[in-house]
Amino acid sequence: MAATSKKPGLISKFWDYTVNRLNRTVFWGLKFTMPQKFLSPMGYSGMLTFCLFLLLGITGAFLMLFYVPGIEGAFDSVEFIDEEIPYGFAIRNIHYHASNAMVFMAVLHLYYQYFSGRYKIKNEMIWVTGMVLGVITILEAFTGYNLLFNDRAELAVSIGVSLTVFSPIVGPQLAQMIWGQGFSDFLIRLYALHVFIIPIVMGILMFVHFPRFLVFDLPMWSVMVGVILITGGIFPVEMGVKFDPNHPPGITVPEWYLTGLYAFIRTGFDKFITGGLLPALLIAMFLFVPFIDHSRKISWKDRPFFSALGIASISQVFITTIWGFYVNPDPTKNLDDRLFVEPVPFYGVLLVSVVLSFVVVYGFLKARAALVVPGQKAVPTKQTPIILNTFWTYAVLILLVIFEIILNGMALMAYQGGLWALALFETGAIFCIFGIIAHVYRSYNPKVIEAEKAAKEEAAKAAKEADAAVPTITNSKSD
Amino acid sequence: MAEEEKNQQSDNQNASADTQVTSSDSNTTPPVSQEEPQTSIAKDSSPEESVDGPPSKERRNFLKVIATAGGILGLTPFIPYGSFFTATLGGTEPVRQKIMNAETGSFVNVSDMQPDSSVIFPFPRTGDVEKDSEPFRRYQLIRLAPDLGGESNDASSFRIYSMVCVHMWCLWDYIEGREVEVNGEKFTGNIECPCHGSNYDVRDGLSHKGPAIKQSKPNDALPTLPLEVDENGDIWVLPPDTALEADGVVGLGRYV
């Protein structure tokens, strides 16, 4: 056994050595899976969110090398990163679009886990930390997009600070402690919060939030990075107008995850109620749902009340988010007439949509439940994955690699020609192609293909031998 | 009582093996290491017979109180550390100061300024670009429109307001030539905020439209600065009385 032809190589020795030592660390408590076939990304959307967090950490660390906080310096330094630093444009775009993707994935993750009843089965700790993480993620994104101190950032920071100040009881003291006083304080603290304090808090919460079973899907993750890069190429993040203390800013709309809040505030009622309490209702609903829903049912189909509640909340999120974007474009009008959100139609539409979506979904699920015969189980549909044989696997992989090489050259040329957006787009395409390569590679399993082949031959043989009236397919998988 | 014993037993089970060992020969151990063995003596249901001191449970409770007090006292000095966070990078003392147009760098004179126009300036002006850019120290000097008597060359045709909107602290702008109607009176010139549309009356800084009008006093009027015009026509800012009843507090408002 010792003197066989296969001696462990240096790399595998080193790998084994490392793995055995990792055994003593916290990581080995995690059950880490790399799926061997395509899985729905919804199942591991949390892991994708975490990967985005890491990507944001890396790109953010790069941006830190050149960013200068301050009323005068911030905007110019970001412009410098964008225009002068090699690949600064790409790094900033990846950072920005990854932040959007992270907020989006976090929301998607929340709703998927909600509808599949994951807050049950003793997952309350994971659920609550997840909700806190979600809120902090949005705070992190908010502190981030204001580091570039443009017109919008000036207004957004003002709103953030004043919302803190006008919170009941501890508001002024809290604002003083978090924000300091004056924009010199705000900006340096915004920076400290964004690059260190909030990420550290997030890291600690993630430590509690992580379940023991984790799925890392390399192909899906590559495609995700690719899509982020492609989005950055098509919609490069804008600089906006530099804040000029001599020229007050015009109307600006916040990022998409805060336009809902913006719509509420624009209805003109008390700022703490509209800017704090009403949006907090949504968060509170999700926060308390595990302690209200005590049924033993997991599937959304069996929980008509909570499924309907979830759909109703989605309708709220959509309506407020879209409404928040709307501003009357007529520049000759009074700013109040342009910005005011009429409370009666706004809250009216919200109320109607809540009731309507709730009743429809609830009624539908109840009616469906009445139709289902107890004891009868739905037959799961069998999925047959596309499995390429050896020849096609090689062919596809080689073609994709050639395509990657060509795109690499194109991206380099585009970058040298000053077409940064195009270069970013092509880099995104390369990532997507790598995702496909990784998927084809993992799907290619000689054992499976052999088995398939044998089964086919067997079937053909059987069909020939039988040659009778009834051609049956024998299930003779050799395993 | 049974419950307590149970607790004690479970405590003993949790106790590490070495305490068990010391408990067996507790007579020989020096009194220094008595704390731990005491808990395991309780297992023998004869705590009172212990040679040293009171029963173990009371003693432990006493120690708990002491330890907790020690912990609290240890943390107490950190309470005033909160002022670390409430400190600021630096403020400036208000002084009597000529108004300098922040954009052109020239002192503002009555003869330079048309009626129905405004000039943005920092107060107090320090000369430091970063400090003077501070939005919370930005004010607008407004010369009222002719229909509000803005043509007279004295202090009565000028107003100064903090640029920080008292609704949510965005920066408002003076809109020249805007026709407004407040309580049936029509006049020219208006103060409007780009965030949520608060409007302020240019004559006294009181909100007349938008979200700020719904806020309770004094959170519905812009803070101001006292001003005077000297014999050359230069406009000076006087140190303000930053009380809500007087010139107001930036961001919080003023009683009108």
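No lab work stands behind these numbers, since they all come straight from the coordinates. Bear in mind that the values here come from a model prediction, so they are computed numbers and not experimental data. Cβ: placed from backbone, ideal geometry, glycine included. Neighbour counts: every protein chain shown.
Could you tell me which of A:I11, A:F115, A:F104 has its Cα farthest along the dipole of region A:1-136 towards the positive end, charges placed at Cβ (Lys, Arg +1; Asp, Glu -1), taken about the Cα centre?
A:I11
Compute the normalised compactness of region A:287-373: alpha-carbon radius of gyration over 2.2 N^0.38 Å, N being the residue count.
Details: Rg = 18.3 Å, N = 87, 2.2 N^0.38 = 12.0 Å.
My calculation over the Cα atoms of region A:287-373 gives 1.53.
Under a Cβ-only charge scheme (Lys and Arg +1, Asp and Glu -1), can you give me the dipole magnitude of region A:72-127 about the Cα centre, in debye to the nearest 20?
Value, rounded to 20: 860 debye.
List the trypsin sites (Lys or Arg not before Pro) in region A:158-248 that DSSP assigns to loop (not H, G, I, E or B) and whose Cβ has at most 14 other Cβ atoms within 10 Å. Which are they? Numbers along the way, then the final one.
Values: sites: A:R189, A:R212, A:K242; in loops: A:R212.
When the trypsin sites (Lys or Arg not before Pro) of region A:158-248 are filtered for loop state and at most 14 Cβ neighbours within 10 Å, A:R212 remain.
If one computes the Cα centroid of region A:217-251 and of region B:183-256, what distance in Å separates the two points?
Cα centroid of region A:217-251 versus Cα centroid of region B:183-256: 38 Å apart.
Whole percent per 20 Å bin, from 0 to the bin with the longest distance: what is P(r) over all C-alpha pairs of chain A?
The percentages, shortest bin first, are 17, 46, 29, 7, 1.
Can you tell me the 0 to 90 degree angle between the C-alpha axis of helix A:278-292 and the longest principal axis of chain A, rounded to 10?
Tilt relative to chain A: about 40 degrees.
Too long at a 29 Å Cα-Cα cut-off: which of A:K122/A:K366; A:K122/B:K64; A:K120/A:K366; B:K186/B:K217; A:K333/B:K217; A:K301/A:K456?
Result: A:K122/B:K64; A:K301/A:K456 exceed 29 Å.
Return B:T242, A:T137 ranked ascending by Cβ neighbour count within 10 Å, so the fewest neighbours appear first. Spell out each step's value before the answer.
Values: B:T242 15, A:T137 22.
With the sparsest Cβ surroundings first, the list reads B:T242, A:T137.
Less than 17 Å apart at the alpha-carbon level, and either on another chain or at least 8 residues along: which aspartates and glutamates does that give for A:K31?
A:D217
Mind checking the alpha-carbon convex hull of region B:123-172 and giving the volume per residue in Å³?
Working: hull volume 4.9 nm³, N = 50.
Looking at region B:123-172, the number lands at 98 Å³ per residue.
Can you give me the C-alpha center-to-center distance between region A:69-125 and region A:413-445, rounded to a whole angstrom?
21 Å
Obtain the radius of gyration and the Kirkwood radius of region A:166-308 from its C-alpha atoms and give Rg over Rh.
1.02
Rank these for me by crowding, A:I188, A:I178, B:I72, going from fewest to most other beta carbons within 10 Å.
Result, fewest neighbours first: B:I72, A:I188, A:I178.
In cubic angstrom, how much convex hull volume per residue do the alpha carbon atoms of region B:97-237 span?
On the way: hull volume 14.6 nm³, N = 141.
Enclosed volume per residue, from the Cα hull, is 104 Å³.
State to the nearest 20 debye the size of the charge dipole of the protein assembly as shown about its Cα centre, where the only charges are +1 on K and R beta carbons and -1 on D and E beta carbons.
It comes to approximately 4080 debye.
Pairing the Cα long axis of helix A:88-115 with the longest principal axis of chain A, what angle in degrees results, from 0 to 90 and rounded to the nearest 10?
Long axis of A:88-115 versus the principal axis of chain A: about 70 degrees.
Which Cα, out of B:V249, B:G210, B:G184, lies furthest along the positive dipole direction of region B:146-256 (beta carbon charges, K/R +1, D/E -1)?
Towards the positive end, the residue furthest out is B:G210.
What's the whole-number percent of alpha carbon pairs in region A:1-127 lying beyond 17 angstrom?
75 percent
Could you point to the residue in B:T88, B:G150, B:N109 farthest towards the positive end of region B:57-212's charge dipole, with +1 and -1 charges on the Cβ of Lys/Arg and Asp/Glu respectively?
The listed residue farthest towards the positive side: B:T88.
Can you put A:I437, A:I91 in order of Cβ neighbours within 10 angstrom, beginning with the fewest?
In increasing order of surrounding Cβ atoms, one gets A:I437, A:I91.
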